[in-house]
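Some notes on the structure that comes next.
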Amino acid sequence: MHRILAALGILVLLLIAGCGLDDYEKRMKVERERLEDYDLQAKYLGDPIDYSQSIKVASKQEAKQMGKKDDGKATEITQTIRAYLRPPKDIASKSSRKEGSVLQAYDPVGTVNMNAPFQGFYLGVGFNQKPADFRNAALKPFGLSASTNLKDATVQPAGRPAKRFGAVQTEAKAPMGIVTLYVYIYEEGPYQVALIYKVLQSKASTEADRAIDYSLRSVEVGDAAIRAKSRR
């Protein structure tokens, strides 16, 4: 009987040790994938764009909290809208100019490079806008509109939920030649984000596609944008 109990005890210990080994191996796999992902981000992405803007928004709730009588009128409060992302490598992290009513343009770093695949990038951030209004404003500079058919595009950031975008491509002329504009629209809560990657057609490649993919994975808005910035 004692031998049976001893054998059972050893078996239990071995099972526990085995489970611990499995957990350790799983954790090591996750850590390896995280480090690999970090290396690929460094390979494909440039310095982050940390977007913030203070706007006035109407809020009846704010009026209630201030003890004001509910007369059906909304009070105005200041709201800081935030977005964070990393553009492809060699794209500046500071905007050079406005493009249309909602977009900011980001040019290549340094002198113009005729061999660089990315010839520019555009970012637009909306807050509590009607989706059709935001899309019209973001797409108008490129001859597109809210009625443009957008295809679903999903990216999977490491260790985080997948992100879904509406996507479309169009062409345009540029000083360096014909470019393809990769247009993405992202919506999360009250936020709308437009991202347009300007790629020289003669330099399009799977490497450029991967840079766009990793850039899209990095997109965060609101409080998540603050946390993303702090992780850098």
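The values are calculated or read from the model by the stated rules, or taken from the named source; none is laboratory data. Keep in mind it's a predicted model, so treat the numbers as computed, not measured. Glycine gets a Cβ as well: all are built from the backbone with ideal geometry, and neighbour counts include every protein chain shown.
Taken together, Ala137, Ala153, Ala211, Ala174 contain a single residue that is at pLDDT below 95 and either on the phi > 0 side of the Ramachandran plot or not aromatic (Phe, Trp, Tyr) (or both), which is Ala174. Among the strands (runs of 3 or more DSSP E) confined to the range 32-115, the ones with at least 2 residues that are among the hydrophobic types (A, V, I, L, M, F, W, C), touching a Phe, Trp or Tyr at 6+ places or on another chain (Cβ under 9 Å) and at pLDDT below 90 are located at 49-59. Meeting the requirement of 2 or more residues that are more than 17 Å from the chain's Cα centre (by Cα) and crowded, with 21+ Cβ neighbours inside 10 Å, the helices (runs of 4 or more DSSP H) wholly within the range 127-232 are 131-139. Within the range 119-136, being small (Gly, Ala, Ser) and within 18 Å of Lys198 (Cα to Cα) holds for Gly120, Gly124.
Can you report the number of residues in the range 25-52 which are under 24 Å from Pro108 (Cβ atoms), out of contact with any strand residue (DSSP E or B) (no Cβ under 8 Å at 6 or more places or on another chain), in contact (Cβ under 8 Å) with a residue 12 or more places away in the chain and not charged (D, E, K, R)? Of the residues in the range 25-52, 2 are under 24 Å from Pro108 (Cβ atoms), out of contact with any strand residue (DSSP E or B) (no Cβ under 8 Å at 6 or more places or on another chain), in contact (Cβ under 8 Å) with a residue 12 or more places away in the chain and not charged (D, E, K, R).
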